[in-house]
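J.: Shown below is the structure under consideration.
Each reported figure results from applying straightforward, stated rules to the coordinates on display, with no laboratory input. This is a predicted model, so every value here is computed, not measured. Note that we place each Cβ from the backbone using ideal geometry, even for glycine, and neighbour counts take in every protein chain shown.
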Amino acid sequence: MKYRTFRGTGVRVSEVGFGLWTLSTGWWGTYADDEAVALMRRALELGVTLFDAADTYGNGRSEELIARAFGGRRDEIVIATKVGYDFVNHAGERRGQREIPQDFRPEAIRRATDAALRRLKTDRIDILQLHNVRMEQTEDDALWSVLEELRAEGKVKVTGIALGPAIGWLGEGVQAIRRRNPAVVQHIYNLLEPHPGAAIQQAARDCGAETMFLIRVPHSSGMLEGKYTEDTVFPPNDHRSHRPRSWLINGVKKVEQLRFLERDGARTLGQAALLWLLADERVASTLPNIYNAAQLEEFARASDVPPLSGEELDRVAALVARNFDLEAEEGRYKGTMELASA
């Protein structure tokens, strides 16, 4: 495992992190607490130090899992979490992945942060992100002031935003970077869904921002693990079972064109997908969706396999530029991928 440090801070994270979304929400199957804790502890053994939660994941469950998994080992891990959804007053309204009301008032963010600290059983959050901000929040001076206050009080080390829930949010990402220069932006970005992630990261380069990135959905919801076929069927309790079949068919066709990135057992496609993202030094860490031990082992070793060569990166760029020779299906593809990432 290799590690990267957020600029201007002492916060150092593993290049491969662990997102608690899969274990705590029930959208990737159901995990008992003991199963989740065992997987998280194994991740730390493999060098994974970044654990990314959100107060709304399982209505506090993701943060409670971190506390349970790493009690007494707080200094060995980096805790990231997110605030902004009012699940306290609207917990019963959530159905599947539909959003509940948000509350970004400064006093609400302060309350949510304090509540997260209690669930995490810690005195500090290493990375605090405003969860799925809209343009209004990028303009709210009072909101950004409370983040600075939390930092000054020592409750938070690094602050920024997470973008979503669907794949778009180009305007919000670029505006936040230009106006607020956040230390961290978390967003969707992968070989099959390069837009608008590439544009958001380019915006940081163009304006000289110090922003670094946490990349979620780096495998396009498992597609870039290279194990799906056109006949793949997802369990009923798996959120991918609700996606249009065209998402599966188009994705499989594109993945076949990326097989050249595999290295006869020395590098898997899933590892290559992470290395493609990590080729950008602004990427602090990747957050693959981890849901079993074998997959965890594969992803955690991505830093140790042969990096992508310049020739491989150029070949990938050419494929992406021409939409993997599927231009005729581009309109349908964009629509289905946006649904897939919701």
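J.: Is there a pair in Lys227/Lys254; Lys121/Lys157; Lys2/Lys155; Lys82/Lys121; Lys227/Lys253 whose C-alpha atoms are over 19 Å apart, and which pairs would that be?
T.: Over 19 Å apart, Cα to Cα: Lys2/Lys155.
J.: Under unit Cβ charges (Lys, Arg +1; Asp, Glu -1), what dipole magnitude, rounded to 20 debye, does the stretch 3-340 have relative to its Cα centre?
T.: 360 debye
J.: Additional query: How much of the DSSP bridge set in the chain is antiparallel, in percent, rounded to the nearest 5?
T.: 15 percent
J.: What longest range of the chain stays clear of loop-exposed trypsin sites (Lys or Arg not before Pro) (DSSP non-H/G/I/E/B, at most 10 other C-beta within 10 angstrom)?
T.: 99-321
J.: Of the options His90, Ile188, Val320, report the single residue whose Cα projects farthest towards the positive end of the charge dipole of the chain (beta-carbon charges: Lys, Arg +1; Asp, Glu -1).
T.: Final value for the positive-end residue is His90.
J.: Taking the chain as the reference, fit the longest principal axis to its C-alpha atoms, fit the long axis of helix 197-207 to the helix C-alpha atoms, and give the angle between the two in degrees, 0 to 90, nearest 10.
T.: The answer is roughly 60 degrees.
J.: Using Cα pairs under 8 angstrom and six or more residues apart, how large is the relative contact order of the chain, in percent?
T.: 19 percent
J.: Taking every Cα atom in the chain, find the radius of gyration and the maximum pairwise distance Dmax, and write them in Å.
T.: 19.0, 55
J.: Here's something else I'd like to know. Starting from the Cα of Leu46, step 7 Å toward the Cβ, then list every residue of the stretch 230-270 with an amide N under 15 Å from that point.
T.: 267-270
J.: Semi-axes, largest first, in whole Å: what does sqrt of 5 times each Cα gyration tensor eigenvalue give for the stretch 1-121?
T.: Each semi-axis is the square root of five times an eigenvalue, giving 24, 18, 13 Å.
J.: Compute the angle between helix 269-278 and the longest alpha-carbon principal axis of the chain, please, reported from 0 to 90 degrees and rounded to the nearest 10.
T.: 50 degrees
J.: Next question, about the same structure. Assign unit charges at the C-beta atoms only (+1 for Lys and Arg, -1 for Asp and Glu), then state the dipole size of the stretch 1-160 relative to its Cα centre in Debye, rounded to the nearest 20.
T.: 460 debye
J.: Test of the criteria: in the stretch 170-256, which GluC sites (Glu not before Pro) are in a DSSP loop and have at most 11 other Cβ atoms within 10 angstrom of their Cβ?
T.: Glu230
J.: Okay, moving on. Could you tell me how many degrees, from 0 to 90 and to the nearest 10, lie between the Cα long axis of helix 141-152 and the main elongation axis, the longest principal axis, of the Cα atoms of the chain?
T.: It works out to around 80 degrees.
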